[in-house]
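To start, the structure under review is shown below, and the notes come after it.
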Amino acid sequence: MSTRTLSELAQSIGAVLDGDGSRPVHGLAGLADAGPTDVSFLANPRYRAQLDATRAAGVLVAPDLRIARTDLALLRCKDPNRAWTEVIRLFAPAPAPLSPGVHPSSTLEAGAVIDPSASIGPGCHIAAGAVIGARCVLRGHVWIGRDARLGPDCDLHPRVVVHDGVAIGARCVLHPGAVLGSDGFGFEPTAKGWVKIPQCGTVVVEDDVEIGANACIDRARFGATRIGRGVKIDNLVHVAHNVVVGAGSMIIAQTGIAGSTRLGRGVILAGQVGVNGHVEIGDGARVAGQSGVTADLDGGRDYQGNPARPRVEWLRMMAQLSRGARLEERVKELERGAGAGAKDEGDA
Amino acid sequence: MSTRTLSELAQSIGAVLDGDGSRPVHGLAGLADAGPTDVSFLANPRYRAQLDATRAAGVLVAPDLRIARTDLALLRCKDPNRAWTEVIRLFAPAPAPLSPGVHPSSTLEAGAVIDPSASIGPGCHIAAGAVIGARCVLRGHVWIGRDARLGPDCDLHPRVVVHDGVAIGARCVLHPGAVLGSDGFGFEPTAKGWVKIPQCGTVVVEDDVEIGANACIDRARFGATRIGRGVKIDNLVHVAHNVVVGAGSMIIAQTGIAGSTRLGRGVILAGQVGVNGHVEIGDGARVAGQSGVTADLDGGRDYQGNPARPRVEWLRMMAQLSRGARLEERVKELERGAGAGAKDEGDA
Amino acid sequence: MSTRTLSELAQSIGAVLDGDGSRPVHGLAGLADAGPTDVSFLANPRYRAQLDATRAAGVLVAPDLRIARTDLALLRCKDPNRAWTEVIRLFAPAPAPLSPGVHPSSTLEAGAVIDPSASIGPGCHIAAGAVIGARCVLRGHVWIGRDARLGPDCDLHPRVVVHDGVAIGARCVLHPGAVLGSDGFGFEPTAKGWVKIPQCGTVVVEDDVEIGANACIDRARFGATRIGRGVKIDNLVHVAHNVVVGAGSMIIAQTGIAGSTRLGRGVILAGQVGVNGHVEIGDGARVAGQSGVTADLDGGRDYQGNPARPRVEWLRMMAQLSRGARLEERVKELERGAGAGAKDEGDA
């Protein structure tokens, strides 16, 4: 990492410096871990108390933050979290140089078309009819199936599988072990057991999509499983056959979406959500972690629980559940009163 | 895709044509996506309304379906879903030709036995003592460990790992990234921390099994983790050491089964189910998505919830939970009455 | 497997033999599966009834176990489960011999440093600046990124990815398909959609860590995602950017931990647990399967549910939920009484 003074750093990120700007900064770290030549940041108020003890040279903070310490330089910025991203970028190591061309250990079938500006690392396989767009990077150990297509500027990390016929747009990032185009899970019950339903469709991934490590996107039974423009999918997510994910949606780790379900635009599914098949989720719906979506959801609202319902309802139900013991007590009390009353009446 | 008329298509799939049979069909699509030279289908009543607007040339429907439109040809068939599978098969592209033999980029250890009719794609490794059956296809980048065995007609997709000693039956399909024979997760707590319990068993997969992308089947601590004949396992499923899955069971995506649990025949675990270790699930039990199985379950019934209980009980509990607010209101009302009554009595 | 008599076996594991010690033992199996030349064991009381029918030559049991059968030899030992591990070790096949050196099919970039005692199997890639410690074993098809480091005696199974810059300690075991150092999942919402937040940190794995098949550990946004000494991570686990897992913790299959969360020492997360971001879990906390941790948890206690709460509270809530129908009945009864009372009063 390179060296800067706090003043230079403040200037680079458009922050107002409050303190000694001459101190040198070699790196960056969280408040608890920072040393005297590190810069740090405070964006989440839960880490506020760490300001008292941090050894950082300077800290990115909100414009109006006040602290008791006078020895700590503050870099005041409107959005410390966003400014921190700038700091990270400044100190990030230069990416490894990747030259165009095909590593000699990779295997190409006749009829694969690779843009001369693409960089194909070691141990890849590119099958017949596949098309690799301009400036694509296949880091290595990547599998590209027959007639698969990558748009320009894609970045495929080691061990990605893009199976036969899958079409990927521009600027997509596929993380290690992601599988695009595995067969959908379709079987017909017969007297002789499950019989495979052929999965003859494909997967279409639009531009600017990112797909996490070891995530799996199944090919369609027919037509296409479709991942819309700008969708971000986290690690270990499962997307079944014929699912459609609308543009700009975000699907967080270990979520699973069953077959033929359609997500609108800008839907957010938090981690470990499960969605049934043939369900429609409206634009901008947000589903809390571990929820189970069993029926259509209107757009623009927050949902939680299994079955998923509006989040306020779920919170109310959970609160009632917590009050359950007290309710039982109150009923017992009423029963005692009712019993006493009955006895009194009997006595009368 | 090839071209047919609607009449020819109806004849091929045994449907009764109702409409203009001379229209040419080039492809197939869902009702909403179909164009004027596509055939489509209606099997799930939730898509009924799409019949009014579809641009399809013809639609597979149930024998008794009535519609207002007269411009839409109907192909009436007893089971439109099953007939649709036939249509998919008719239009499916021919599979890529795979010739027998070993791709020169693959590495074979001395003592590996490969049937001459098998097709070993690029970048595979087959270790000493391994046996690859007749007509097996290893698409490429597949790892076959020492003494592992594949029965005839298996289809291994890219990047599958069949670890040392694992035995696989006939006609099995293993999807990309599936791992068979990783170590079971067994550690003994000691004063010095967790000490690994050796995992010396194996995995046995019987005939006609299909295992999904990036699914993991651990080897047994001793003996074998066993996947019964005709079992279908979806993506990202976890099966721990010494589990036994009975014939014809179906395990849907992201389900996890802990060690030494035994599933009977024809058990269905829906997505994201978790099953504790040392549990027995009876033949034909069906467990709903996201349920947590913590104790033995009798066969032939539906279960849901965590802990999983008969589904009717779970539904009743959920309904009560929804009525919780109302119950609180009723108790409050009774308390008011009781208070009023007490006052009256005091007055008397 | 080799042959021993029951007497020899009892002596090897320090058991007291009760029965015919001259019987030969060729192998080992569970009680239900054992044949007449197998030894077996009883550690979990749920399998007690299988003692009556087992065909095993002898069975490891607790010191004080009594049975009716007289034809079954018993090997009495203080801890039958631990003794069984010794038996497994005795009968385990010798591990395949792996000689030091680099398989000719592997690709090394200039500047990779590989200890001459390490064994690099087929189809690996080791990038520039990477360091492979003494006696490391890379089984094959392993990817080691730029400047990544492995301490001595690591065992990397097929298809592991250790991405650029990731640092791994001594004696770590990484199972097939595990990914260390994939990008964290960080995106900023903007008018143009999600914009990627650069993930410039790394992953640090301390000594004696084991990571399961297809598990994913993301690199930090800055600094390091840190897996402490002796941590054991099961299959398909997701650990997000900047998470810190304390020494000796155990994370069971399919659990997911969101960004910047910190686990103390000796924490146990059972299967399919989800943990929110920016949460702290205290030393020795134990969280039951499928729980959702949404807030800080004190150490040393058991938790369950979503939101996770002390397990006793959760059990109480579940019991109340089960009693819900009965509570409704009791309220109805009270309402009838109150109505009757009101009527009586009106009559008076």
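The values are calculated or read from the model by the stated rules, or taken from the named source; none is laboratory data. All of these numbers come straight from a predicted model, not from anything done at the bench. Note: ideal-geometry Cβ built from the backbone for every residue, glycine included; neighbour counts use all protein chains shown. Heads up: the accessible areas ignore ligands, DNA and RNA and are worked out on the full protein's heavy atoms, side chains in. Shrake-Rupley method; radii C 1.70, N 1.55, O 1.52, S 1.80 Å.
Checking each residue in segment B:71-85 for being open to solvent by 20 Å² or more (accessible area, probe 1.4 Å) and part of a strand (DSSP E or B) picks out only B:R76.
Reported count of residues in segment C:111-125, each being open to solvent by 30 Å² or more (accessible area, probe 1.4 Å) and at positive phi, is 1. Note on segment B:20-31: residues that are of a type in the set (G, A, S) and loosely packed, with under 15 Cβ neighbours inside 10 Å amount to 1. Evaluate segment A:182-192: report whether one residue or more is within 13 Å of chain B (Cβ to nearest Cβ), in a loop (DSSP other than H, G, I, E, B), of a type outside the set (S, T, N, Q) and in contact with a helix residue (DSSP H, G or I) (Cβ under 9 Å, 6 or more places away or on another chain). Within segment A:182-192, one or more residues are within 13 Å of chain B (Cβ to nearest Cβ), in a loop (DSSP other than H, G, I, E, B), of a type outside the set (S, T, N, Q) and in contact with a helix residue (DSSP H, G or I) (Cβ under 9 Å, 6 or more places away or on another chain).
Checking each residue in segment A:273-282 for being farther than 18 Å from A:A247 by Cβ and open to solvent by 20 Å² or more (accessible area, probe 1.4 Å) picks out A:N276, A:G277, A:H278.
From the list A:A191, A:A148, the one residue that fits, being assigned by TED's automatic domain parsing to the domain that holds A:N242 and surrounded by fewer than 19 Cβ atoms within 10 Å (Cβ to Cβ), is A:A191. For A:P93, work out the one condition from (1) surrounded by 15 or more Cβ atoms within 10 Å (Cβ to Cβ); (2) part of a loop (DSSP other than H, G, I, E, B) it doesn't fulfil. All conditions pass for A:P93, except number (1).
Yes or no, residue by residue, for (1) of a type in the set (V, I, T); (2) touching a residue at least 24 places away in the same chain (Cβ under 8 Å); (3) in a helix (DSSP H, G or I); (4) surrounded by 14 or more Cβ atoms within 10 Å (Cβ to Cβ):
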site	(1), (2), (3), (4)
B:D33	no, no, no, yes
B:P36	no, no, no, no
B:S40	no, no, no, yes
B:R46	no, no, yes, no
B:L51	no, no, yes, yes
B:T54	yes, no, no, yes
B:V59	yes, yes, no, yes
B:R66	no, no, no, no
B:R69	no, no, no, no
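The numbered conditions (1) open to solvent by less than 10 Å² (accessible area, probe 1.4 Å); (2) within 14 Å of chain A (Cβ to nearest Cβ) are all true for B:V162 except (2). Given the structure, is C:A213 under 16 Å from C:G277 (Cα atoms), free of Cβ contacts under 8 Å to residues at least 60 places away in the same chain and part of a loop (DSSP other than H, G, I, E, B)? So C:A213 fails the test. Given the condition more than 9 Å from chain A (Cβ to nearest Cβ), farther than 27 Å from B:K196 by Cα and open to solvent by less than 20 Å² (accessible area, probe 1.4 Å), answer yes or no: does some residue in segment C:283-297 qualify? Yes, some residue in segment C:283-297 is more than 9 Å from chain A (Cβ to nearest Cβ), farther than 27 Å from B:K196 by Cα and open to solvent by less than 20 Å² (accessible area, probe 1.4 Å). One residue stands out among those in segment C:165-180 that are surrounded by 21 or more Cβ atoms within 10 Å (Cβ to Cβ) and not in a loop (DSSP other than H, G, I, E, B): the one that is farthest from the other protein chains (Cβ to nearest Cβ), which is C:I168.
Does B:R219 meet the test of being over 24 Å from A:G181 (Cα atoms), crowded, with 22+ Cβ neighbours inside 10 Å, basic (K, R) and more than 10 Å from every other protein chain (Cβ to nearest Cβ)? Answer is yes for this residue. Looking at this structure, is B:A338 outside the structural domain of B:T255 (by TED's automatic domain parsing), modelled with pLDDT under 95, open to solvent by less than 70 Å² (accessible area, probe 1.4 Å) and closer than 24 Å to A:G277 by Cα? No: the conditions fail for B:A338.
On inspection, B:V203 qualifies as touching a Leu at 6+ places or on another chain (Cβ under 7 Å), more than 9 Å from every other protein chain (Cβ to nearest Cβ) and either crowded, with 21+ Cβ neighbours inside 10 Å or farther than 19 Å from C:D155 by Cα (or both). Kindly indicate whether C:F185 is over 21 Å from A:Q290 (Cα atoms), assigned by TED's automatic domain parsing to the domain that holds C:G305 and hydrophobic (A, V, I, L, M, F, W, C). The answer is no for C:F185.
Against the test of being at pLDDT below 95 and open to solvent by 20 Å² or more (accessible area, probe 1.4 Å), the options B:L108, B:L98 yield a single qualifying residue, B:L98. Go through segment C:47-73 and give me each residue that's basic (K, R) and in contact with a strand residue (DSSP E or B) (Cβ under 9 Å, 6 or more places away or on another chain). Residue satisfying the conditions is C:R55 alone.
Look at (1) part of a loop (DSSP other than H, G, I, E, B); (2) open to solvent by 60 Å² or more (accessible area, probe 1.4 Å); (3) out of contact with any helix residue (DSSP H, G or I) (no Cβ under 8 Å at 6 or more places or on another chain) and you find that B:A128 fails only one, number (2). Residues of segment C:126-142 that are under 19 Å from B:A127 (Cβ atoms) and either within 13 Å of chain A (Cβ to nearest Cβ) or among the aliphatic types (A, V, I, L, M) (or both): C:V137, C:L138, C:G140, C:H141, C:V142. Taking C:V137 as the residue in question, decide whether it is modelled with pLDDT of 95 or more and either crowded, with 20+ Cβ neighbours inside 10 Å or at negative phi (or both). So C:V137 passes the test. Would you pick out the residues in segment B:234-249 that are surrounded by 24 or more Cβ atoms within 10 Å (Cβ to Cβ) and facing chain A (nearest Cβ under 9 Å)? Across segment B:234-249, the qualifying residues are B:D234, B:N235, B:L236.
For segment B:302-318, filtered to residues that are part of a helix (DSSP H, G or I) and open to solvent by 40 Å² or more (accessible area, probe 1.4 Å), the residue that is farthest from B:V279 (Cα to Cα) is B:R316. Those residues that are at negative phi and open to solvent by 20 Å² or more (accessible area, probe 1.4 Å), I need them from segment C:256-270; list them, please. Across segment C:256-270, the qualifying residues are C:A258, C:R262, C:R265, C:I268, C:A270. Checking each residue in segment C:81-92 for being in contact with a Gly (Cβ under 8 Å, 6 or more places away or on another chain) and within 9 Å of chain B (Cβ to nearest Cβ) picks out only C:F91.
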